[in-house]
Amino acid sequence: MSNKRGNGSGLNATERRAAYSLSGLFSLRMLGLFLILPVFALYAEGLPDVTPLLVGIAIGIYGLTQALLQIPFGMLSDRIGRKPVLIGGLLVFALGSVVAATSETIYGIIIGRALQGSGAIAAVIMALAADLS
């Protein structure tokens, strides 16, 4: 079987750039979800008014808001386009990261993690990848 494009990868330059960009975006999403898990419980012990329930909420709220908003964001991206939803999601994710990182209470971290989950745009990334393939 021969490769018609002659570059050995089966993708042209635009497709490769899109694949790398989408992979990077998806990696950021996964880091946002899993990077804090090993150390968050230890970090949270030093915060005021922390309970195990609040630590669990702070960890789980990311996945909950992400799961609740995937279909609406997918529908929105069908309506207005993938790029505006991707950019908006990344901005919300970044805002949530700043809120969580600068918070001095568990409640601020919960709000930040909820914003991060709201900005996680996995469904839009997958739809864009499907559009480009």
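A short reminder: the numbers here are calculations on the coordinates, not readings from a lab. Treat the numbers as computed from the prediction; the structure is a model and nothing was measured. Here the Cβ is made from the backbone with ideal geometry for all residues, glycine too, and neighbour counts use every protein chain on show.
With each label modelled as a point 7 angstrom along the Cα→C-beta vector, the LEU35-ALA19 pair spans 2.5 nm.
Here the 3J(HN,Hα) profile of region 92-98, calculated from phi with Karplus coefficients 6.51, -1.76 and 1.60 at θ = phi - 60°, is 5, 4, 5, 4, x, 5, 5 Hz, Gly and Pro shown as x.
Relative contact order of region 25-132, please, whole-number percent, based on alpha carbon pairs below 8 angstrom and at least 6 residues apart.
Details: 126 pairs, mean separation 38.4, N = 108.
Once divided by the residue count of region 25-132, the mean separation gives 36 percent.
For the chain, the residue among GLY46, PHE26, LEU64 whose Cα projects farthest onto the positive side of the dipole built from Cβ charges is PHE26.
The convex hull built on the alpha-carbon positions of region 30-133 has an orientation-averaged projected area of 6.4 nm². Relative to the Cα centre, the charge distribution of the chain, modelled as +1 at Lys and Arg Cβ and -1 at Asp and Glu Cβ, gives a dipole magnitude of about 720 debye.
Taking Cα atoms only, the orientation of helix 13-34 departs from the longest principal axis of the chain by about 20 degrees. Put a dot 7 Å past the Cα of LYS83, heading toward its Cβ, do the same for ASP131, and the two dots end up 0.9 nm apart.
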